[in-house]
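Structure first, then comments.
The values are calculated or read from the model by the stated rules, or taken from the named source; none is laboratory data. Not measured: the values here are computed from a predicted model. As a convention, Cβ positions derive from the backbone with ideal geometry for all residues, glycine included, and neighbour counts pool all protein chains shown. Protein only, heavy atoms only, side chains kept; ligands, DNA and RNA dropped before computing areas. Shrake-Rupley method; radii C 1.70, N 1.55, O 1.52, S 1.80 Å.
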Amino acid sequence: TGSLTLQGTSMAAPHVAGAAALLRQEHPRLRPGAIGALLQNSTVDGNSSSDTGLARLGVGVIRVDEAAKLSSYASPGGISFGRINPRNLVDRAKRVTLTNMSKYKRRFWVTHVPQATYPGVTVSCPNAVSVDRYGSREFKIQLRFDPAASAAAGAFDQASVSQTEVDGWCV
C-alpha cells in the first residue's frame, strides 16, 4: 500500500548479483574475479561529501552499463593495507593486475586521488602502465607511513584504539 526505503548489504547483494549476471552474459569467458573487477572499476563515488571512509562504504555505486563498456580492468578492484602501527616507519606494496581486453596495445595513465588523508602517510601509484593487446601487466600501489612526519604535523594516533583511515583511488 506504500513505498519503503531499505538499505545495506541485504539490499545491495541481489542488485550486485544481477549486475554480475548481466556482465557474465556479456563476457562469458571472464572468471568471477574479473566480473567483480569490472563492476568495481566502473563505480561512481557514492559519498560525495567524503564523510564516510571507503572501508565502510566500498569502492562506490555500481554502474552495470558502464562496466559493460570497459575494455580493461584492474584486479583486485580494491585493496587494503590493513592496520598499521602508528609508531613504526612502514613501507608496504600491494600488487594489482591490469588486463587489456582490447586487440590494441594500450598505455594507461594513472593518478592517485586521495579521499581521507593523514599526515605522514603517502600512497603512490605508477604514472603509467603499458599492456600488450589481450595481455595483463602487474603493477604496485605503495603506502608509506613516516611517524616522524606525522608527529611533526601535530597528529597523534593512539595505537590501541586507532580508527584513523586513509583511503582513496588509483584511477
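The equivalent ellipsoid of the range 62-116 has semi-axes of 30, 14, 10 Å, largest first, where each one is the square root of 5 times an eigenvalue of the Cα gyration tensor.
Paramagnetic label reach from Ala148 (point 7 Å along Cα→Cβ; backbone nitrogen cut-off under 20 Å): within the range 117-140, residues 118-123. Taking the C-alpha atoms only, the angle from helix 9-26 to the longest principal axis of the chain is near 50 degrees. Computed across the range 1-51, the Kirkwood hydrodynamic radius from all distinct Cα-Cα pairs reaches 13.0 Å.
The sum of -39500 (n - 2.57) across all DSSP H runs of n ≥ 4, divided by the residue count of the chain, sets its helix-only mean residue ellipticity at 222 nm to -7000 deg cm²/dmol.
In order along the range 59-66, the Karplus-derived 3J(HN,Hα) couplings, from 6.51 cos²θ - 1.76 cosθ + 1.60 at θ = phi - 60°, round to 7, x, 8, 5, 9, 4, 5, 6 Hz, and Gly and Pro are given as x.
What FRET efficiency comes out for the pair Glu165/Arg95, r = Cβ-Cβ distance, R0 = 22 Å, nearest 0.05? The calculated FRET efficiency here is 0.50.
Ligands, DNA and RNA aside, Lys105 has an accessible area near 140 Å² when probed at 1.4 Å.
On C-alpha positions alone, give me the angle between the axis of helix 32-41 and the longest principal axis of the chain, in degrees, nearest 10. With rounding to tens, the tilt is 70 degrees. Only one item in (1) 9, 36, 33, 16, 5, 0; (2) 9, 32, 32, 19, 8, 1, 0; (3) 11, 43, 37, 8, 0 matches P(r) over Cα pairs in 10 Å bins from 0, in percent derived from the coordinates shown, and that item is (2).
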